[in-house]
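The values are calculated or read from the model by the stated rules, or taken from the named source; none is laboratory data. Given the structure is predicted, the values throughout are model-derived calculations rather than measurements. Every residue, glycine as well, gets a Cβ built from its backbone with ideal geometry; the counts of neighbours run over all protein chains shown.
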Amino acid sequence: MSSSALRENGGQRADLVEMQLDALYQVSQVLSRSADLHEILSDVLHVLHEAADMQRGMVSLLDPSSGELMVGAAHTGHREQLEKVRYRPGEGVVGAILKEGDTLVIRRIADEPRFLDRLRLYVPELPFIGVPIQVGDEAPIGVLAAQPAADDGLLTERARFLEMVANLLAQTVRRAWDLEKERQALTDERDRLRREVRSGYHLDNVVGHSREMRRVFEQVRQVAKWHTTVLIRGETGTGKELIANAIHYNSSRANGPFIKLNCAALPDNLLESELFGHEKGAFTGAVAQRKGRFEQADGGTIFLDEIGEISQAFQAKLLRVLQEGEFERVGGTRTLKVDVRVVAATNRNLEDEVEQGEFREDLYYRLNVMPIFLPALRKRTEDIPDLARFLVGKLARAQGRPLDITDGAIRTLMRHDWPGNVRELENCLERAAIMSETGSIDLDAIQLTGLEEKLPSARKAVAPPPETDLDDPELDERERVIAALEQAGWVQAKAARLLGMTPRQIAYRIQTLKIRVKQF
Ligand SMILES: Nc1ncnc2c1ncn2[C@@H]1O[C@H](COP(=O)(O)OP(=O)(O)OP(=O)(O)O)[C@@H](O)[C@H]1O
Ligand SMILES: [Mg+2]
């Protein structure tokens, strides 16, 4: 090279460095924007084209699942078309770069035998530079390639520049992949939880085969198909909330939100902002705008528990949402419209309340479109054995140990009148389970919960328990004696006859088996 040519070359190099610095700055700006990876790659290629004289840029990324290279972005060409092009490691020029992990500089791409021209992107007469995209010493995760506008004798410098860009890209791609993996894990987890919640409220988990409960199940199935308002009635602990959940999770809204609000828990003013939300500054303490439960429930179900407890003033406000599906946030003027199914529940006698002028009649009719009555447990004692076993199973899972319940214990449970219904039964069994060291909930464990003291009042209301087969080999001696005593109305002599024993023998067993004899 002559001295003038050298000077010339030196000047060119300085220009190139200047240009590349500017381009690097622009690349760093693109990378610091958080955007979709494809967009970032396209923008970087655009900068290379516009600001660094590196044309027809292309990024191929490894698809970890197939081990193939896919075109992530190219400066020309349509995305859809490019997405079909794949290289195997080692295949073509790009595949070779990925496999070897080395930069490849070709003065004239047309002369390169490995050049496949799959993308029909390159100008055959121009040089080609391809560099691996890799984090540190790890195996390459992709390839960045481009064509300088001409062979100006500075291909080495251009290659070094492209390597710098590739290093920056590597970090970004890795971060995007990690984020994607995390996002995927989170959606999987959300879907799993959703399935779990939904299966928890499957009707299989609402126990009962009595006529009354079968009717409830049929009603739930029916109302789940529609968007009508449902009013669930029943004494405390009969399963109103459980049924409200079952309606939602068995309806077409199951993937939408299920939002619950206990109307008895809040005074009027709080209830209003809780349900309808508020605008910033609507009242002292309203420092920011807030969505109400109705808005949160959009596309899903709102469960208004203890609806019988709301004031007259609030009843009027609620009526409007139920009628029009419209409301304003507290302190707001914009009218909001939502698509929400309302399920309400109460243990009050709303008809009486209407009669006494406590509850608005129009609201009553609005709510009572589809009433579901949950029967008291004492009206369906035949459900107690299944319920008891189901609840014991639930406790066993919660306590992480096997638990079972004896028939004798179940028979005792069936004689109680359960003013607190299923919840009381659940609590009683939980106490009994704690008392039971062996994990078998028997009469003793039930007696220890103090249930016995409440029995006499119950006995009148409840049908006698079904007779146990005294020859049942499953019964242990204690259960057999208790069953006989029960069938004999706790008359020992009669029980002894049933068991083919003498009165003395049964008295002895009652003593040694520590059976507590009931006094009538
Ligand atoms: N049929 C049933 N099968 C299984 N579990 C039930 C059944 N009914 C009620 N339960 C359980 O009993 C407990 C009380 O039920 P829930 O909270 O739904 O009653 P509630 O009617 O809303 O009571 P309250 O009026 O006091 O709010 C819950 O743990 C629920 O899962
Ligand atoms: Mg409840």
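Tell me which strands (runs of 3 or more DSSP E) are completely within the stretch 127-234 and hold 1 or more residues being within 16 Å of ligand 1 (Cβ to nearest atom), of a type outside the set (Gly, Ala, Ser) and within 30 Å of GLU306 (Cα to Cα), or say none if there are none.
Qualifying strands (runs of 3 or more DSSP E): 230-234.
State the number of residues belonging to the stretch 199-215 that are buried (at least 19 other Cβ atoms within 10 Å of the Cβ) and either touching a strand residue (DSSP E or B) at 6+ places or on another chain (Cβ under 6 Å) or more than 16 Å from LEU387 (Cβ to Cβ) (or both).
Adding up the residues that qualify gives 1.
In the stretch 235-255, how many residues are in a loop (DSSP other than H, G, I, E, B) and within 22 Å of GLY325 (Cβ to Cβ)?
5
Those residues that are in contact with a Gly (Cβ under 9 Å, 6 or more places away or on another chain), aliphatic (A, V, I, L, M), over 19 Å from ASP63 (Cα atoms) and part of a loop (DSSP other than H, G, I, E, B), I need them from the stretch 102-126; list them, please.
Result: LEU116, LEU121.
Given the options GLY325, GLY332, name the one that is surrounded by 16 or more Cβ atoms within 10 Å (Cβ to Cβ), small (Gly, Ala, Ser), modelled with pLDDT under 90 and more than 16 Å from ligand 2 (Cβ to nearest atom).
GLY332
Would you mention how many residues in the stretch 165-202 are at pLDDT below 85 and touching a helix residue (DSSP H, G or I) at 6+ places or on another chain (Cβ under 6 Å)?
Of the residues in that region, 2 qualify.
Please enumerate the residues belonging to the stretch 415-430 that are in a loop (DSSP other than H, G, I, E, B) and within 18 Å of LEU448 (Cα to Cα).
ARG415, HIS416, ASP417, TRP418
From the list PHE283, PHE294, pick out the single residue that is out of contact with any Ser or Thr (no Cβ under 7 Å at 6 or more places or on another chain) and outside any loop (DSSP other than H, G, I, E, B).
PHE294
Identify all residues within the stretch 276-319 that are of a type in the set (D, E, K, R), more than 16 Å from ligand 1 (Cβ to nearest atom) and closer than 18 Å to ARG341 by Cα; write none if there are none.
Passing the criteria: LYS291, ARG293, GLU295, ASP298, LYS317.
If the Cβ limit is 8 Å and pairs must be 6+ apart or interchain, which residue in the stretch 193-208 that is among the basic types (Lys, Arg) pairs with which residue that is part of a loop (DSSP other than H, G, I, E, B) and surrounded by 13 or more Cβ atoms within 10 Å (Cβ to Cβ)?
Close Cβ pairs (under 8 Å, with a partner that is part of a loop (DSSP other than H, G, I, E, B) and surrounded by 13 or more Cβ atoms within 10 Å (Cβ to Cβ)) amount to ARG198/ALA254.
Quick one: in the stretch 235-252, of everything that is under 18 Å from ILE302 (Cα atoms) and among the hydroxyl-bearing types (Ser, Thr, Tyr), which residue is nearest to ligand 1 (Cβ to nearest atom)?
Per the stated criteria, the residue is TYR249.
Among the residues of the stretch 402-418, which ones are buried (at least 20 other Cβ atoms within 10 Å of the Cβ) and either in contact with a Ser or Thr (Cβ under 6 Å, 6 or more places away or on another chain) or among the basic types (Lys, Arg) (or both)?
Of everything in the stretch 402-418, those that are buried (at least 20 other Cβ atoms within 10 Å of the Cβ) and either in contact with a Ser or Thr (Cβ under 6 Å, 6 or more places away or on another chain) or among the basic types (Lys, Arg) (or both) turn out to be ARG411, MET414, ARG415.
Being within 16 Å of ligand 2 (Cβ to nearest atom) and in contact (Cβ under 8 Å) with a residue 40 or more places away in the chain is the requirement here; does PHE294 meet it?
It is false that PHE294 is within 16 Å of ligand 2 (Cβ to nearest atom) and in contact (Cβ under 8 Å) with a residue 40 or more places away in the chain.
Suppose we filter LEU391, LEU470, LEU443 for residues that are at pLDDT 80 or above and under 37 Å from the mean Cα position of the chain (by Cα); which single one remains?
Selected residue: LEU391, the only one of LEU391, LEU470, LEU443 that is at pLDDT 80 or above and under 37 Å from the mean Cα position of the chain (by Cα).
Residues in the stretch 324-338 that are over 15 Å from GLU272 (Cα atoms) and in contact with a Phe, Trp or Tyr (Cβ under 7 Å, 6 or more places away or on another chain): how many?
1
State whether one or more residues within the stretch 394-404 are away from ligand 1 (no atom under 16 Å from the Cβ) and under 19 Å from GLY234 (Cα atoms).
no
Is it true that ARG348 is in contact (Cβ under 8 Å) with a residue 12 or more places away in the chain, in contact with a helix residue (DSSP H, G or I) (Cβ under 9 Å, 6 or more places away or on another chain), of a type in the set (D, E, K, R) and over 23 Å from THR238 (Cα atoms)?
no
Looking at the stretch 221-233, which of the residues that are away from ligand 2 (no atom under 16 Å from the Cβ) and not hydroxyl-bearing (Ser, Thr, Tyr) is farthest from the chain's Cα centre (by Cα)?
Checked the stretch 221-233; the qualifying residue farthest from the chain's Cα centre (by Cα) is GLN222.
Out of the stretch 297-308, which residues are under 25 Å from VAL197 (Cβ atoms) and either small (Gly, Ala, Ser) or in a helix (DSSP H, G or I) (or both)?
Once the filter is applied, which keeps residues that are under 25 Å from VAL197 (Cβ atoms) and either small (Gly, Ala, Ser) or in a helix (DSSP H, G or I) (or both), the stretch 297-308 yields ALA297, GLY299, GLY300, ILE307.
Pick from LEU270, LEU275: which is buried (at least 18 other Cβ atoms within 10 Å of the Cβ), part of a helix (DSSP H, G or I), more than 16 Å from ligand 2 (Cβ to nearest atom) and modelled with pLDDT under 95?
LEU275
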